[in-house]
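Since every read-out is calculated from the coordinates, none of them should be taken as a lab result. Everything numeric here is computed off the predicted structure, so don't read it as measured data. Positions of Cβ are generated from backbone atoms using ideal geometry, with glycine treated the same way; all protein chains shown enter the neighbour counts.
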Amino acid sequence: MKVLAIETSCDETAIAIVSEVDGRFVVEKSTLASQAKIHAQYGGVVPEVAAREHTAHLIPLLKEVGVAADGEGIDAIAVTAGPGLVPALRIGVELAKTLAWSWKKPLVAVNHLEGHIYSVWLDEEKPSFPALCLLVSGGHTELILMKDYSEYELLGMTRDDAAGEAFDKVAKMLGLSYPGGPEISRAALKGNPEAIAFPRPMIKSRDLDVSFSGLKTAVRVYIAENPNHFVEDVAASFQQAVVDTLVSKTLKAIDQTKPKSVILSGGVSANKHLRESLRSAIHPSISFHAPELSLTGDNAVMIALAGLHRAKNKEFVDPLTLSADPNMRLA
C-alpha cells in the first residue's frame, strides 16, 4: 500500500509518499518547506501568514514528489485534520479533499499527535504494547498510554504552556532567536544547570499533569532581578528544570501503567539532554523509542505512517464533508 500524505498544521508545509511492503515502511519521497525564518521576525507563528505560505508551497511540493497527474500508483491520501492552527489546517485539508475527489482515491483524516507517535515506526524495532508516550512539542505536552493501534488513553497534560512553548518564550526573554528550543539547547551546553534553583512545578503532585507557566515566570523574575546574568547559566538551569519535570512525571506514569515501551516524540524530543535523561532513567527491560532527528518536527512522513495504519483498516472519511478540527482529540 502506498499513501500520499499532506501536513499543514502549523508553519511547516510538507508532503510525503510512504509505502508498506511486508510490514516494512519505505519513505519513497519526502519534501518540506519551512517558514521558520518568516515567523522569526514576529517571535512566533502568525496563523494567517502560515496559511498564505502553505498556499504558495503546496502545489510546487506536490510536483516535487513526482506524483502522477491522475494519482496513479497512490492507494490513499492522508492529511492532518487537526489539531493545529485552523487557517493552516484548512489549506492542507482542502487540497487533500480535492485530490481524493478528482483522483477517486480514499481519504484518511490523521490526528497530528498520532502522527508524532507513529514517527518511531520507521525503526526496525517497533514499540511493544502497552506503550507509554511522552509527547512534547510547541503546542502539546501530554502523557499518553497507547494500549494498541488506535487505542489511546490520556494520562496527563500541561495545564498551561506546552514545553516547547516555554522554551520559545524563555529564549525570547534571553534575546535568543526563534524557534527557541534549539537556541536554548545550544546555550545550555556552555552553562551550569545547577547555577539557578528554578522551581520544578507540580513535580510532587499525585497526578500526571505538568505546568510550565510558573517556571517561565520564575525565569522572567530572575532576569529582571539579575541584569548581569549569564545567558548560558539561565538556559542550562531552565532546561534542567523542564527535563527534571518531564522525566519525573514519565517515571510516575511508568509505575502506574507498567508499559513495555516508552516513546518520546514531538518537536522537543530533538532535545539531546531530554533524550539521554529519559533513556537512562527508565529500566532496561522497557524499550525506549525516539524518532530520528529529521522526524521530530512537523513532517508528512509521520502523517503517512499513521495514515497507512488507518487506511489498512479502511478508516476512510468523505472528502465532501471533512473539515479541519483545531481541537481534534486522540480517541
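Listed values, structure above:
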item	result
Whole-number percent relative contact order across the chain, with pairs defined as alpha carbons under 8 Å at least 6 apart	25
Antiparallel content of DSSP bridges confined to the range 118-268, in %, to 5	65
Near-label residues of the range 74-93 by backbone N, under 12 Å of a point 7 Å along Cα→Cβ of MET157	83-84
Size of the range 129-259 as Cα extents on the principal axes (Å, biggest first)	51, 28, 24
Set of lysines near LYS252 by C-alpha distance (under 22 Å), chain-local residues within fewer than 8 positions excluded	LYS147, LYS204, LYS260, LYS272
Scaled radius of gyration (Cα, divided by 2.2 N^0.38 Å) that the range 203-331 gives	1.37
³J(HN,Hα) computed for each position of the range 267-282 - Karplus, 6.51 cos²θ - 1.76 cosθ + 1.60, integer Hz, glycine/proline x	x, 6, 5, 6, 5, 4, 5, 5, 4, 5, 5, 6, 4, 6, 7, 7
Under the Karplus curve 6.51 cos²θ - 1.76 cosθ + 1.60, θ = phi - 60°, whole-Hz ³J(HN,Hα) for the range 289-295, x wherever Gly or Pro sits	9, 9, x, 4, 4, 5, 10
Cα radius of gyration and Dmax for the chain (Å)	19.9, 63
For peptides 74-80, 140-146, 274-280, sequence by mean Cβ density within 10 Å, most packed first	74-80, 140-146, 274-280
Cross-link partners of LYS63 among lysines (Cα-Cα below 23 Å; sequence separation of 8 or more within a chain)	LYS2, LYS29, LYS97, LYS104, LYS105
Proximal aspartates and glutamates relative to LYS169, as straight alpha-carbon distance under 15 Å, when same-chain residues fewer than 8 apart are discounted	ASP160, ASP161, GLU183
Helix-only [θ]222 nm of the chain, DSSP H runs n ≥ 4, -39500 (n - 2.57) each, per residue, nearest 500	-12500 deg cm²/dmol
Listed peptides 59-67, 296-304 by packing density, highest first (mean Cβ within 10 Å)	296-304, 59-67
Antiparallel DSSP beta bridges within the chain, percent to nearest 5	60
